[in-house]
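Just below is one structure, and these are the notes that go with it.
The values are calculated or read from the model by the stated rules, or taken from the named source; none is laboratory data. Fair warning: this is a prediction, and the values are worked out from it, not measured in the lab. Neighbour counts run over all protein chains shown; Cβ positions are idealised from the backbone, glycine included.
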Amino acid sequence: MFGMSLAAIASLLAVIIVVGISMINEDLNVGILAIGFAIAVGSFFANLSSVQVMQAWPLDLFMILTGVTFLFGIATTNGTMEKLTGNAIRLAKGNTALIPLIIFMLITIITTIGPGNIATVALMAPVAMAIASRIGMSAFLMTLLVVGAAEGAAFSPIAPTGIISNSFVSKMAPQLAALGQPLGDLNLLAWKIHLNSEVAQLVGNVGGFLALGGWTWIRQQRDSSLSIDDIAPKPEPFDKKQWLTLASIAVLVLLVILPSLTITKGLFSPTFMNFIGTGKATNVGSVAFLLSGILLIAGAGDSKAAVKSMPWSVIIMVGGMGILIDVMDKAGGLNALVSMIAAVSDPVSINGVLGLVTGIISAYSSSSGVVMPMFLPLVPGLVEQVGGNAISMISSINVGSHMVDTSPLSLFGAICIACADEKEDKNKLFRHLLIWGFSMAVVGAILCYIFFGLLGL
């Protein structure tokens with residue numbers, strides 16, 4: 001079949017088994033399982049020692065994710081993010097109709113500047129669901145808003161999911177250039193991929209919010225007389241530690257953005273760029289570790305609490321799947337999977353195919369921890385066999401794998417159901433989110449086909 005060797009078949013079966021288990025048992029960290037399978041396949045079928053297999057651990061990605069999530073672990077556990085959220089929501093004042101827009105913008109901004117989609121939903125879902133009950137909005141609509149905003153901004157180059165995506169893109173860049181697909185400035189490309197995600201989520205989940213009752217609710221709020229103090233009580237003022245944390249976050253964002261802009265990159269000397277990155281670009285993990293050290297020395301953070309708040313499960317999954325996919329590549333299984341997908345695709349439809357397949361798997365499995373590490377490495381092979389645009393394929397994989405996360409079988413849908421008011425019929429909410437989540441696999445595929453296939457965004 002597709003000219004596969006025994007090693008290729010074994011590696012492909014290993015990935016299918018690991019992904020299948022991740023879809024059935026959410027409590028089991030398949031990153032550990034993936035490493036075990038990688039060692040077995042590598043040793044018995046691909047002539048690789050266990051030491052060689054484990055050397056494939058994505059160390060650069062691990063360090064970046066650890067640095068960024070630790071910094072925002074400090075910001076979350078010292079109360080900075082909670083107060084920032086409270087003050088932002090109060091900007092609506094007496095205009096209740098503005099609250100959905102403020103919540104959407106707030107989640108988008110918080111996700112973009114670094115905490116990422118997981119931390120932001122965990123932070124905002126309890127607040128957003130409580131507000132939904134107070135302003136008479138259904139928990140279903142608020143879930144679409146919360147998850148749509150978080151997933152749209154998830155691919156920020158500063159956020160964990162964006163970091164995972166950009167790590168794979170950076171690794172693939174030489175192969176893609178050799179295939180006539182130069183990616184240009186990888187920093188600017190990262191923001192383009194981020195923008196593609198924003199556009200797709202706006203049309204999908206936010207479009208659904210407006211079409212399924214959100215716009216009607218907004219129109220009904222014109223004469224609302226709710227007090228903002230009833231919706232979002234005024235938080236205590238920021239203390240010195242929290243102001244220092246906010247300043248650190250601002251520095252992180254500026255040091256990631258400014259060196260990549262033509263108009264400002266000349267302000268940074270080669271020595272300083274070596275200090276914060278590679279000499280040519282900022283390493284967001286390096287900056288995050290430096291700023292975290294300053295916060296800890298200043299007594300602005302609790303290192304133990306910050307470490308406990310970090311998404312270790314996702315970090316281990318990404319690393320473990322990275323090792324298994326590396327073995328799969330060396331065993332020939334990656335090429336076989338590419339051939340299977342290429343057999344049913346052309347340069348335009350490949351985007352819809354990737355969006356559909358990643359969406360279906362992500363409905364049951366981890367989008368960033370399992371699906372992205374599995375499918376992103378396929379892009380160079382697909383470009384070679386099918387043709388098409390690599391950036392469009394990358395965006396299709398990213399969008400397809402994250403459009404379905406309103407499903408109650410996903411972390412985000414489950415969090416929103418758990419945080420919904422007691423007055424809500426949670427069985428009904430579960431059914432609605434399940435239907436919506438699975439429909440997003442198809443909707444995501446259509447959006448990927450149109451935006452990234454036909455339009456070539």
### Summary
Within region 282-303, residues being in contact with a helix residue (DSSP H, G or I) (Cβ under 9 Å, 6 or more places away or on another chain), of a type outside the set (S, T, N, Q) and either more than 14 Å from LYS241 (Cβ to Cβ) or not in a helix (DSSP H, G or I) (or both) number 11
### Message
I'd like to check something: does region 91-100 contain any residue that is in contact with a Gly (Cβ under 7 Å, 6 or more places away or on another chain) and buried (at least 24 other Cβ atoms within 10 Å of the Cβ)?
### Response
yes
### Query
Residues in region 1-18 that are farther than 23 Å from TRP57 by Cβ, surrounded by 14 or more Cβ atoms within 10 Å (Cβ to Cβ) and aliphatic (A, V, I, L, M): how many?
2
### Query
Can ILE135 be described as within 20 Å of ALA288 (Cα to Cα) and not assigned by TED's automatic domain parsing to the domain that holds GLY208?
no
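Conditions tested, residue by residue: (1) free of Cβ contacts under 8 Å to residues at least 12 places away in the same chain; (2) over 30 Å from ALA46 (Cβ atoms).
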| position | (1), (2) |
| --- | --- |
| PHE268 | yes, yes |
| ILE294 | no, yes |
| VAL307 | no, yes |
| SER313 | no, no |
| ILE316 | no, no |
| GLY320 | no, no |
| ILE325 | no, no |
| LYS330 | no, no |
### Task
Just give me the residues in region 405-444 being buried (at least 21 other Cβ atoms within 10 Å of the Cβ), among the small types (Gly, Ala, Ser) and more than 16 Å from PRO126 (Cβ to Cβ), in sequence order.
SER407, SER410, GLY437, ALA441, GLY444
### Query
Regarding ILE113, is this residue surrounded by fewer than 22 Cβ atoms within 10 Å (Cβ to Cβ), of a type outside the set (Asp, Glu) and at pLDDT 85 or above?
yes
### Query
If we scan region 241-258, do we find a residue that is part of a helix (DSSP H, G or I) and modelled with pLDDT under 80?
no
#### Entry: Selection from region 348-362 of residues that are at pLDDT below 90 and crowded, with 23+ Cβ neighbours inside 10 Å
ILE361, SER362
### Task
Would you check which residues across region 26-66 are farther than 15 Å from VAL314 by Cα and among the polar types (S, T, N, Q) and list them?
SER43, ASN47, SER49, SER50, GLN52, GLN55
#### Entry: Residue selected from region 270-285 under the condition among the small types (Gly, Ala, Ser) and free of Cβ contacts under 8 Å to residues at least 60 places away in the same chain, by the criterion surrounded by the fewest Cβ atoms within 10 Å (Cβ to Cβ)
GLY279
### Summary
Across (1) farther than 18 Å from ALA150 by Cα; (2) assigned to a helix (DSSP H, G or I); (3) in contact (Cβ under 8 Å) with a residue 24 or more places away in the chain; (4) more than 17 Å from the chain's Cα centre (by Cα), GLU424 clears everything bar (2)
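A quick yes/no check of all residues on (1) under 14 Å from GLY152 (Cβ atoms); (2) without any contact (Cβ under 8 Å) to a residue 24 or more places away in the chain; (3) touching a helix residue (DSSP H, G or I) at 6+ places or on another chain (Cβ under 7 Å):
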| residue | (1), (2), (3) |
| --- | --- |
| LYS93 | no, no, yes |
| PRO100 | no, no, yes |
| PHE104 | yes, no, yes |
| SER133 | no, no, no |
### Task
Name every residue in region 19-31 that is closer than 12 Å to VAL370 by Cα and surrounded by fewer than 23 Cβ atoms within 10 Å (Cβ to Cβ), in order of residue number.
VAL19, GLY20, ILE21, MET23, GLU26, ASN29
### Task
Report yes if THR262 is farther than 20 Å from ILE74 by Cα, buried (at least 23 other Cβ atoms within 10 Å of the Cβ) and among the hydroxyl-bearing types (Ser, Thr, Tyr), otherwise no.
no
### Message
Looking at region 395-413 only, could you name the residues that are in contact (Cβ under 8 Å) with a residue 60 or more places away in the chain and either in a helix (DSSP H, G or I) or aromatic (Phe, Trp, Tyr) (or both)?
### Response
SER395, ASN398, VAL399, HIS402, LEU411, PHE412, GLY413
### Task
Test each condition in (1) touching a residue at least 24 places away in the same chain (Cβ under 8 Å); (2) farther than 22 Å from LEU290 by Cα for THR216 and report the one that comes out false.
(1)
### Query
How about region 210-259: which of its residues are exposed (fewer than 14 other Cβ atoms within 10 Å of the Cβ), among the hydroxyl-bearing types (Ser, Thr, Tyr) and closer than 22 Å to PRO126 by Cβ?
SER227
### Message
Quick check on this structure: which one of ASN95, ASN87, ASN47 is more than 21 Å from the chain's Cα centre (by Cα) and at pLDDT 90 or above?
### Response
ASN47
### From GLY36, GLY42, GLY20, GLY31, residue being over 30 Å from MET129 (Cα atoms), part of a helix (DSSP H, G or I) and within 19 Å of the chain's Cα centre (by Cα)
GLY31
### Query
Of the residues SER392, SER367, SER349, SER439, which single one is in the same structural domain as ILE164 (by TED's automatic domain parsing), closer than 21 Å to LEU144 by Cα and in contact (Cβ under 8 Å) with a residue 24 or more places away in the chain?
SER367
